[in-house]
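Structure record follows, encoded as structure tokens.
Each reported figure results from applying straightforward, stated rules to the coordinates on display, with no laboratory input. Just so you know, these numbers come straight off a predicted model, no measurement behind them. In this analysis, Cβ positions are derived from the backbone assuming ideal geometry, glycine residues included, and neighbour counts consider all displayed protein chains.
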Amino acid sequence: MSIHPTTLSLEGIESHVGNTPLVALRQVTRGLSPRVRVFAKAEWFNPSGSVKDRPALSIIRAAQKAGLLQGKRLLDSTSGNMGISYATFGAALGIRVTLAIPESASPERFSILRALGAELILTDGAEGSDGAILAARVLLDENPGRYWYANQYDNPANWQAHYKSTGPEIHAQTGGQVTHFVAGLGTSGTVMGVGHYLRETLPGVKVIAFQPDHAFHGLEGLKHMPSALKPGIYLPDLPDETLEIETEAAHLMMVRLAREEGLLVGISSGAAAVAALQVAARLDDGLVVTVFPDSALKYLSDLSGRKE
């Protein structure tokens, strides 16, 4: 079989970020009003396997346009997924990457990051993402000529990625019928970006954030905002409401989603499903959309040992 040359694209994996499927939850929604539907954006369809491909590529492109990466390594803190996205696009675009990451991150994440060639600075797991942020800042202060600090928590290119892509996708995929958008608070970029977009295009939509229920939690990638370093892009008044989700409830929902929906998702996705179902349970009529940030492939060492 011959393929005409004009049908081939020379674009790299970065051209395939976004346009992820919107998946209906059908089994875990039993008991809800028949006029209420719950959907999740399946973000593991992004090239590196998570929603973080959107802000990572947005941040890199903005830095390249401004000439900030010339002769420097990209430096940032991560709980895993953002680092994997940086390392993926760094490998594809010839950008060297250094990451401060808590030593408590899952073994799968470390294996992926090392395979992609990222330089890793391990931080105290008990200090979580905040400890990694502080470590990255120290590295920058010690050698400013070596690093460009991407600073995902304060970088406007983070939330702008979701304003330009995730929000419009949700609007289009639901035909403008979404009534409630639910997403977790980590950097807060997803809630801020999608929230801004949906508020502009659908004035009646409700934007609902969720966070861990206390400071010492097991929800990788999420922040308990009252006790954490606040991201510079976070506007606490933008969500209509912020729910608090228990770590154990998120873990149990991971198992339910795998065994009842056939969706192998990560811990933050389990938390997203718990939050979305809490919102849906209040409604007589509505269309609830949440975001499943990644699959369970980075958490199988944890998921495989759990029972229903």
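Here are the numbers for the structure shown:
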| item | result |
| --- | --- |
| Equivalent ellipsoid, the chain (semi-axes from 5 times Cα gyration tensor eigenvalues, Å) | 30, 23, 20 |
| Built amide H within the under 5 Å cut-off of Gly286, gap 5+ | Val36, Arg37 |
| For the stretch 183-308, diffusion coefficient by Stokes-Einstein and Kirkwood Rh (Cα), 25 °C, 0.890 mPa s, µm²/s | 163 |
| Estimated [θ] at 222 nm from DSSP helical runs (n ≥ 4, -39500 (n - 2.57)) normalised by residues in the chain, nearest 500 | -10000 deg cm²/dmol |
| Per-pair calculated FRET efficiency, R0 = 35 Å: Ala215 and Arg35 via Cβ, rounded to 0.05 | 0.35 |
| Footprinting exposure proxy for Asp285, Asp213 (fewest neighbouring C-beta atoms within 10 Å first) | Asp285, Asp213 |
| Sites Arg146 and Lys230, calculated FRET efficiency, Cβ-Cβ separation with R0 22 Å, nearest 0.05 | 0.20 |
| Cα centre as origin, Lys/Arg/Asp/Glu Cβ charges: the chain dipole, Debye | 640 |
| Total lysine pairs whose alpha carbons fall under 16 Å of each other in the chain (8 or more apart, or interchain) | 5 |
| Signed unit charges on C-beta, dipole axis of the chain, positive-most listed residue Gly184, Ala150, Phe216 | Ala150 |
| Anisotropy class of the stretch 53-149 from Cα gyration tensor, a/c 1.5 cut | oblate |
| Sequence-distant residues sharing a close amide H with Gly232 (under 5 Å, placed H) | Asp154 |
| Binned Cα-Cα distances of the stretch 101-174, short to long, each 10 Å bin given as a whole percent | 17, 32, 33, 15, 2 |
| Integer Hz, Karplus 6.51/-1.76/1.60 couplings in order for the stretch 206-221, x for Gly and Pro | 9, 10, 10, 9, 9, 9, x, 7, 7, 5, 9, 9, x, 9, 4, x |
| Under the Karplus curve 6.51 cos²θ - 1.76 cosθ + 1.60, θ = phi - 60°, whole-Hz ³J(HN,Hα) for the stretch 152-168, x wherever Gly or Pro sits | 4, 6, 10, 7, x, 5, 5, 5, 5, 4, 6, 5, 8, 10, 4, x, x |
| The stretch 53-149, dipole about Cα centre (Lys/Arg Cβ +1, Asp/Glu Cβ -1), debye to the nearest 20 | 560 |
| Prolate/oblate/rounded label for the stretch 74-122 (Cα gyration tensor, a/c 1.5) | prolate |
| Label-point separation in nm, Thr201 to Asp284, each point 7 Å along Cα→Cβ | 2.9 |
| Lys/Arg +1, Asp/Glu -1 at C-beta; the chain dipole; positive extreme among Ala172, Ala132, Trp159 | Ala172 |
| Cut-off under 5 Å, modelled amide H: who pairs with Thr123 long-range | Ile101, Glu103 |
